[in-house]
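Structure, as structure tokens:
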Amino acid sequence: MALWLAVNAILLGVAYLLGSVPPGYLAGRLLKGIDIREHGSGSTGATNVLRTLGKGPAIAVLLIDILKGVLAIALVRWCYSLAQTQALATAAGSVASGSALDWMVTLAGLAALLGHSKSIWLKFTGGKSVATGLGVLLALSWQVGLSTFAVFGVVMAVSRIVSLSSITAAIAVLVFMVLLGQPLPYQLFAIAGGLYVVLRHRANIQRLLAGTEPRIGQKLASESEQGLESN
């Protein structure tokens, strides 16, 4: 039992570390020799990278952030498929498939979200976990992931506000999970992950209500303003 618990704890730790990889910060250091947290909104997400470094780096950061979420889920599924893991689970009186796997990938997804926004490499700072969350969703259920991305895209096309698009998509996740009949652990991920993303946008919500939230392409009112970005 102890060894089986240790395996799962290691998997969750690796999922967190995958989420913690900070491509936005690294892009700033490598391309301009800057700490991107000291520019724009202070976020390490793709939106701040777009504003600070340009379109190419922003696209690269976005794709890497999405990939982090995909890899966190893929790692757990691969490990649970191994014969050795199956044997450990059986010895511990558990299983390494079905419902147990659903719960484990859900926890790994949450660990990746936490890693992105609270990176151990950046003194527990980071982005808003939207892109990494999309990667997790695509790995859990590509149908839910693509549907959520579609909601983001529609709201983005209409409003041109990244934070509003991200918040709307985060809320829509649970709807798609239920409509598409996803397992209970995935639905709970939608609740917990969606709520976490929304809470990470507290300052954005205040600006949205005040009508001062910048649209995509607009400069920040103050370079020292923090917490704007949505990736």
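The single condition from (1) without any contact (Cβ under 8 Å) to a residue 60 or more places away in the chain; (2) out of contact with any Ser or Thr (no Cβ under 7 Å at 6 or more places or on another chain); (3) under 15 Å from Tyr186 (Cα atoms); (4) surrounded by fewer than 16 Cβ atoms within 10 Å (Cβ to Cβ) that Leu31 fails is (3). Within segment 160-175, the residues that satisfy the criterion of being touching a Gly at 6+ places or on another chain (Cβ under 9 Å) and surrounded by fewer than 24 Cβ atoms within 10 Å (Cβ to Cβ) are Arg160, Ser165, Ile171, Ala172, Leu174. Based on this model, can you work out whether Gly153 counts as within 26 Å of Pro57 (Cα to Cα) and modelled with pLDDT of 95 or more? Judged against the criteria, Gly153 is a match.
Mind counting the residues in segment 77-95 that are within 20 Å of Val136 (Cβ to Cβ) and touching a Phe, Trp or Tyr at 6+ places or on another chain (Cβ under 6 Å)? Residues in segment 77-95 being within 20 Å of Val136 (Cβ to Cβ) and touching a Phe, Trp or Tyr at 6+ places or on another chain (Cβ under 6 Å): 0 in total.
If the condition is being open to solvent by less than 10 Å² (accessible area, probe 1.4 Å), within 17 Å of the chain's Cα centre (by Cα) and not hydrophobic (A, V, I, L, M, F, W, C), then segment 37-54 contributes Ser43, Thr44, Gly45, Asn48. Within segment 88-100, identify whether any single residue is buried (at least 24 other Cβ atoms within 10 Å of the Cβ) and touching a residue at least 60 places away in the same chain (Cβ under 8 Å), and answer yes or no. No, segment 88-100 contains no residue that is buried (at least 24 other Cβ atoms within 10 Å of the Cβ) and touching a residue at least 60 places away in the same chain (Cβ under 8 Å).
Might you let me know whether segment 126-137 holds any residue that is more than 8 Å from the chain's Cα centre (by Cα) and in a helix (DSSP H, G or I)? Yes; the residues of segment 126-137 include at least one that is more than 8 Å from the chain's Cα centre (by Cα) and in a helix (DSSP H, G or I). Scoring Pro57 on the criteria (1) touching a residue at least 12 places away in the same chain (Cβ under 8 Å); (2) surrounded by fewer than 19 Cβ atoms within 10 Å (Cβ to Cβ); (3) within 21 Å of Pro214 (Cβ to Cβ) leaves a single failure, condition (2). Based on what the data block shows, is Thr132 β-branched (Val, Ile, Thr) and modelled with pLDDT under 95? Here the answer is no, as Thr132 does not meet what is asked.
Within the set Val154, Val136, the sole residue that is open to solvent by less than 10 Å² (accessible area, probe 1.4 Å) and aliphatic (A, V, I, L, M) turns out to be Val136.
All conditions but one from (1) in a helix (DSSP H, G or I); (2) touching a residue at least 24 places away in the same chain (Cβ under 8 Å); (3) open to solvent by less than 20 Å² (accessible area, probe 1.4 Å) apply to Trp121; the one that does not is (3). All of Ala192, Ala150, Ala203, Ala172 fail the test of being closer than 21 Å to Leu101 by Cα and either among the β-branched types (Val, Ile, Thr) or out of contact with any Pro (no Cβ under 8 Å at 6 or more places or on another chain) (or both), apart from Ala192. Close Cβ contacts (under 9 Å, 6 or more residues apart or on different chains) running from residues in segment 162-176 that are over 23 Å from Asn48 (Cβ atoms) to residues that are among the hydroxyl-bearing types (Ser, Thr, Tyr) and not in a helix (DSSP H, G or I) comprise Phe176/Ser141. Selection of segment 176-220 for residues being within 13 Å of the chain's Cα centre (by Cα) and assigned to a helix (DSSP H, G or I) yields Phe189, Ala190, Ala192, Gly193, Gly194, Leu195, Tyr196, Val197, Val198. Among residues that are part of a helix (DSSP H, G or I), over 30 Å from Pro214 (Cβ atoms) and among the charged types (D, E, K, R), Asp102 is included.
The values are calculated or read from the model by the stated rules, or taken from the named source; none is laboratory data. Values in this document were obtained by computation on a predicted structure and should not be read as measured data. Every residue, glycine as well, gets a Cβ built from its backbone with ideal geometry; the counts of neighbours run over all protein chains shown. Quick note on the areas: whole protein, heavy atoms, side chains included, nothing else; ligands and nucleic acids left out. Shrake-Rupley method; radii C 1.70, N 1.55, O 1.52, S 1.80 Å.
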